[in-house]
Amino acid sequence: MRRGRSALAVALIVLSSTTAAACSGGDEPTEPAAQTATPTASGDLFDWVKLEDETSPVSAALPEGAEPIANSIEGPDSATITSRGHVYEHPGGVIGFELIDGFATVDDFRKLAELLARSVGGTVRSTAPVDLAQASAVDGEIVYGDDEIMLFRVVVLNERGDVWNGFVGGPVADRDRLESEFARLTLSLDLRDALDWVPITDEPSGVVVPFRTAVGPRGLTVTLLDGSTAVGRSYYDLGSRHGLIVIDTVTDSSSIDDAIALRSGDQYSTLRSIEPSEVAGREAVEALVDRRGWTWVNRVVLLDEHIVVIYSGNVAQDLVGVRDFVATVSDAVVLP
């Protein structure tokens with residue numbers, strides 16, 4: 001089935017003619033895991049490329065050749081908002097995403113889903129919350145057309161009401177392919193820099209690190225390279241794949257090497273490189289560790305009585321994005 005040009009407009013969250021009536025106002029993973037499905041060979045029909053939003057720090061991957069889209073829509077207080085996004089049309093359906101600034105709240109998920117369904121002349125079949133940890137989201141399905149289905153995710157990014165919506169549509173008979181494409185789209189989504197920050201303080205050390213959601217400590221007992229033991233705390237946000245480790249130590253032999261060994265010392269990990277770096281303006285090192293298809297970026301700083309590790313990880317292909325994220329966090333850390 002070949003879609004016409006009009007499919008670019010209808011496969012969005014909202015159309016300008018229908019918007020005003022609807023919206024008024026841990027443990028770190030060791031390998032990639034899709035929230036909806038795992039990309040398979042059926043998702044490799046296209047060459048996927050990373051697309052960054054022009055005005056906000058949000059990015060996601062779409063098949064190469066996706067075209068930019070923009071809609072002028074009526075938002076809260078009758079203000080005109082211009083949405084931004086990209087859509088890729090192909091013989092078997094459509095894949096795309098859209099961002100709308102200051103548009104909706106977590107109370108509007110059902111309305112947004114219904115608007116999307118109405119825009120393609122379909123019906124919302126289901127919606128379910130998605131545990132992104134650092135943002136509120138729902139996944140859903142819409143049935144429309146001649147035995148066609150649309151898989152979608154709507155995310156409210158922050159208190160400002162910024163919204164991201166991603167969607168994949170096509171024949172019900174191709175559901176396996178659609179699920180693979182949807183998994184690839186949602187796995188590639190990087191919202192971290194668009195979300196609200198929460199300062200987390202490690203009370204024993206006084207170290208303050210920004211996170212995307214409130215997280216609590218988990219106790220650690222660490223064996224140092226000299227055979228002695230030390231205690232510490234680990235903080236991890238599964239949604240943003242971002243963590244903090246603080247090791248309490250007062251021994252003269254304790255060093256940054258202890259933290260690097262902690263992060264790379266198991267049978268599944270390989271230490272790729274170590275190079276000079278900074279955390280909050282202090283001398284540090286950055287260690288890259290490969291583990292089961294992911295690359296973890298670890299910035300380690302040695303204080304008088306503590307070793308501090310700031311880290312994040314993602315699939316190896318997104319190394320640049322992970323390093324940028326860790327650099328942003330490291331610049332914002334408060335050290336005693």
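List of remarks:
- Positive minus negative residues near residue 55 (Lys, Arg vs Asp, Glu; Cβ under 11 Å): -4
- Simple label model, 7 Å out from Cα along Cβ direction - residue 226 to residue 316, nm: 3.6
- By accessible area with a 1.4 Å probe, ligands and nucleic acids excluded, highest first: order of 277, 78: 78, 277
- In this calculation the C-beta distance from residue 203 to residue 131 is compared with R0 = 22 Å, giving a FRET efficiency of 0.20.
- Other residues lying with their Cβ under 9 Å from the Cβ of residue 166 contribute a combined charge of 0, Lys and Arg counting +1, Asp and Glu -1.
- Enclosed volume per residue, in Å³, of the convex hull spanned by Cα atoms of region 198-332: 104
- q = 0.08, 0.10, 0.16 Å⁻¹: log10 I(q)/I(0) that the Debye formula gives for region 33-187, counting C-alpha atoms only: -0.21, -0.33, -0.88
- Residue 325 contributes an accessible area of around 10 Å² to the protein surface, as traced by a 1.4 Å probe with all chains present.
- Taking 294, 48, 197 and ordering them by how much accessible surface each has at a 1.4 Å probe, largest first, produces 197, 48, 294.
- Note on exposure: 323, 241, 110, 153 ranked by accessible area (1.4 Å probe, complete protein assembly) read 110, 323, 241, 153, with the most exposed listed first.
- The mean sequence separation of alpha-carbon pairs under 8 Å and at least six residues apart, normalised by the residue count of region 198-332, gives a relative contact order of 19 percent.
The values are calculated or read from the model by the stated rules, or taken from the named source; none is laboratory data. Given the structure is predicted, the values throughout are model-derived calculations rather than measurements. When we count neighbours, we look across all protein chains shown, and the Cβ atoms used for this are built from the backbone with ideal geometry, even at glycine. We work out accessible area using only protein heavy atoms, side chains counted, and drop any ligands, DNA or RNA first. Shrake-Rupley method; radii C 1.70, N 1.55, O 1.52, S 1.80 Å.
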